[in-house]
Amino acid sequence: MAVFELSVIVISIAFLLLTHKLYKSIWKKYGIIFCGVLLFEYFTQALWINKGLEAWSYLYLDVNWIITLGWSTIIIVCMTLVNAYANNAGNLAKLLYYIISVSIVGIIAEQVVLGLGIREYSSAVLEVLSGTKMGIVPIEALYYIPTFMALVIAFVIYWMPAAAARKSR
Amino acid sequence: MSWIILLEIGIIAIAIGVWYLLKKQKYKKPTISFAVLFISVLLFEIVSEPMWKNNLLDGWAYIYRDVSWVITLGWVIIFFISFYLVDKKWPKLSEGKKFWLYLAALTIITTPIEVILLSAGIREYSSVLTQTMSGILIPLTSAPIEIILTIPLIGALVIPFYKVLMRLV
């Protein structure tokens, strides 16, 4: 069954098709987000296990492009909503809004993938966890997810002007 | 006096020297730059902490488990040297192009240091990480070839985070 994989693909494509007329650079932004998430997932792949997904969705060991797609869609939806509803906020405030909104959705998503048995933590991670949980998500996600998101969102903000400049040349 | 304490004091002294040089060279916001880069590296180290071990350092050099602020300072020094070399040699290059040169400089400087830390026993990789390694070593060393890929990956996430935060503060 590839219900999870297909759902993630359909939701991601639907969002991009709905917004690409409003935001011309949405595909480019999505591509940069995808690269940022993938870099992070590749780097930290020893820390988690993505299991039970279809073989075609794995890129390398248990690095899975469907999971990358899922994270990328969460990030771009939250960034788009913040840009729409807090467009007049300062850049630092916007960055914080991005991180907070993505983290809230990210923690819910972590709950879903843990519940579905798609996500597991490696023994090295289990050793350092306190055992305190929010639902089934370790409390450490409150630190880990915002940090992960902050690094990826900064990656996107850093590369977006460069991508825009390349297009205007 | 053991060689470990000499190493720790050496890193702290070089870090102070780098900060002083930044100030003397009229680098923009030197103290804030130093603090922001330190925080950027530290966040990354805490997130990836289950993947490696920093051994043998004195008790005061550790912040949390085996995350060491002296090692973080070492990273900060290397990042600033990379920025300095690239900015000095290619001041007119675009940020996007400089990024790749920063990564190259970072990798060239860090790889031999990582090899030395590994052979001295200060750095050790956790079993979850070694399980994902190919087993291929850097020629003439006992260090895994993956170091050459991992260092630019760390840089690719830390550099944008630092640069974006510096634009905002």
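Only the coordinates and a few stated rules stand behind these numbers; no lab work does. A quick note: this is a predicted structure, and the numbers were derived from the prediction, not measured. Using ideal geometry, Cβ is built from the backbone for each residue, glycine included, and neighbour counts are taken over all protein chains shown.
Rounded to whole Å and ordered largest first, report the semi-axes of the equivalent ellipsoid of chain B derived from its Cα gyration tensor (root of 5λ). Kindly include the intermediate steps, with their values, before the conclusion.
Details: eigenvalues 135, 80, 45 Å².
Whole-Å semi-axes of the equivalent ellipsoid: 26, 20, 15.
Non-local amide H neighbours of B:Ser68 (under 5 Å, H modeled in plane, Pro and chain starts lacking H): which ones?
Hits under the 5 Å cutoff: B:Ile63.
Which one, A:Phe43, A:Phe155, A:Phe34, has the greatest fluctuation when you compute a Gaussian network model over chain A with C-alpha springs under 10 angstrom?
Maximum fluctuation in the GNM of chain A, among the listed residues, is at A:Phe43.
Can you give the average number of partner chain beta-carbon atoms within 10 Å of each beta-carbon in peptide B:117-128, as a whole number? Provide the component values of the computation, followed by the final result.
Numbers: counts 0, 0, 0, 0, 0, 0, 0, 0, 1, 7, 4, 11.
Neighbouring Cβ atoms belonging to other protein chains average 2 per residue here.
What percent do you get for the relative contact order of chain A when only Cα pairs under 8 Å and 6+ apart count?
Reported relative contact order: 28 percent.
Counting only helical runs of four or more DSSP H residues, what would the 222 nm mean residue ellipticity of chain A come to if each run contributes -39,500 (n - 2.57) and the total is spread over all its residues? Walk me through the numbers on the way to the answer.
Working: 6 runs with 115 residues, N = 169.
After summing the helix terms and dividing by residue count, I get -23500 deg cm²/dmol.
If you build a Gaussian network model of chain B, linking Cα atoms that sit under 10 Å apart, which residue out of B:Ile63, B:Ile154, B:Ile78 swings the most?
Most flexible of the set in this elastic network: B:Ile63.
Count, for each residue of B:151-164, the Cβ atoms from other chains sitting within 10 Å of its Cβ, then give me the mean as a whole number.
5
Spin-label point model (7 Å from Cα, Cβ direction): what's the A:Lys24 to A:Leu6 distance in nm?
Calculated label separation equals 3.7 nm.
Multiplying the sequence separation of B:Lys53 and B:Ser142 by 0.36 nm and subtracting their Cα-Cα distance, what value in nm do you get?
Value of the extension gain: 30.4 nm.
Per-residue counts of other Cβ atoms within 10 Å, averaged by peptide: what ranking do you get for B:90-96, A:91-97, B:146-152, highest first? Display every interim value, and only then the final one.
Values: B:90-96: 11.6, A:91-97: 15.9, B:146-152: 17.9.
Output ranking for B:90-96, A:91-97, B:146-152: B:146-152, A:91-97, B:90-96.
Give me a comma-separated list of calculated 3J(HN,Hα) values for the stretch A:29-36, in order, Karplus coefficients 6.51, -1.76, 1.60 applied at θ = phi - 60°, integers in Hz, x for any Gly or Pro.
These are the phi-based 3J(HN,Hα) values: 4, 4, x, 5, 4, 4, 4, x Hz.
Please report the net charge: other residues with Cβ closer than 12 Å to the Cβ of B:Trp69, K and R +1, D and E -1.
Residues near B:Trp69 contribute -4 overall.
Between the stretch B:14-86 and the stretch A:92-110, what's the alpha-carbon centroid distance in Å?
26 Å
Among A:Trp71, A:Trp56, A:Trp27, whose mean-square fluctuation peaks in a Gaussian network model of chain A (Cα, cutoff 10 Å)?
Looking only at A:Trp71, A:Trp56, A:Trp27, the biggest GNM fluctuation is shown by A:Trp56.
If you count, for every residue in A:146-153, the Cβ atoms of partner chains within 10 Å of its Cβ, what is the mean?
Average neighbour count from other chains, rounded to a whole number: 4.
What's the FRET efficiency of A:Ile100 with B:Asp87 using the Cβ-Cβ distance as r and R₀ = 56 Å, to the nearest 0.05? Don't jump to the answer; show the numbers that get you there.
Values: r = 33 Å, r/R0 = 0.59.
FRET efficiency, A:Ile100 to B:Asp87: 0.95.
When a/c is below 1.5 the answer is rounded, else prolate if a/b is larger than b/c, else oblate, so apply that to the protein assembly as shown with a ≥ b ≥ c taken from the square roots of the Cα gyration tensor eigenvalues.
Values: a/c = 1.75, a/b = 1.24, b/c = 1.41.
Oblate shape, in that a/c is at least 1.5 and b/c is the bigger or equal ratio.
Normalised by the empirical 2.2 N^0.38 Å for globular proteins, what value does the Cα Rg of the stretch A:1-86 take? Numbers along the way, then the final one.
Details: Rg = 13.7 Å, N = 86, 2.2 N^0.38 = 12.0 Å.
That works out to 1.15 for the stretch A:1-86.
Ranked by Cβ crowding within 10 angstrom, fewest neighbours first, how are A:Met160, A:Met149 ordered?
Values: A:Met160 15, A:Met149 25.
Ascending Cβ contact count within 10 Å gives the list A:Met160, A:Met149.
When the gyration tensor of the stretch A:3-168 is built from Cα positions, what are the square roots of 5 times its three eigenvalues, in whole Å, from largest to smallest? Write out the running numbers ahead of the final one.
Details: eigenvalues 145, 71, 44 Å².
So the three semi-axes of the stretch A:3-168 are 27, 19, 15 Å.
Considering only the other residues whose Cβ falls under 14 Å of the Cβ of B:Ser2, what net charge follows from Lys and Arg at +1 and Asp and Glu at -1?
Values: positive: none; negative: B:Glu8, B:Asp58.
Combined, the nearby Lys, Arg, Asp and Glu give -2.
Would you order A:Leu142, B:Leu117 from fewest to most other beta-carbon atoms within 10 Å of each residue's own beta-carbon?
Exposure proxy ranking, most exposed first: A:Leu142, B:Leu117.
For the pair B:Tyr62 and B:Glu95, how long in nm is the line joining their label points, each one 7 Å along Cα→Cβ?
About 3.9 nm, to one decimal.
Under the rule of -39500 (n - 2.57) per DSSP H run of 4 or more residues, summed and divided by the residues of chain B, what mean residue ellipticity at 222 nm is obtained, to the nearest 500 deg cm²/dmol? All intermediate terms of the calculation are to be shown ahead of the outcome.
Working: 6 runs with 113 residues, N = 169.
It comes out at -23000 deg cm²/dmol, rounded to the nearest 500.
Classify the stretch B:118-157 as rounded, prolate or oblate, taking a ≥ b ≥ c as the square roots of the eigenvalues of its Cα gyration tensor: rounded when a/c is under 1.5, otherwise prolate if a/b is larger than b/c and oblate if not. Provide the component values of the computation, followed by the final result.
Numbers: a/c = 1.36, a/b = 1.29, b/c = 1.06.
Taking the square roots of the gyration eigenvalues as a ≥ b ≥ c, the stretch B:118-157 is rounded.
With only alpha-carbon atoms in the gyration tensor, what are the semi-axes of the equivalent ellipsoid for the stretch A:73-115, in Å, largest first? Intermediate values should be presented prior to the final figure.
On the way: eigenvalues 106, 18, 7 Å².
Here the semi-axes work out to 23, 9, 6 Å.
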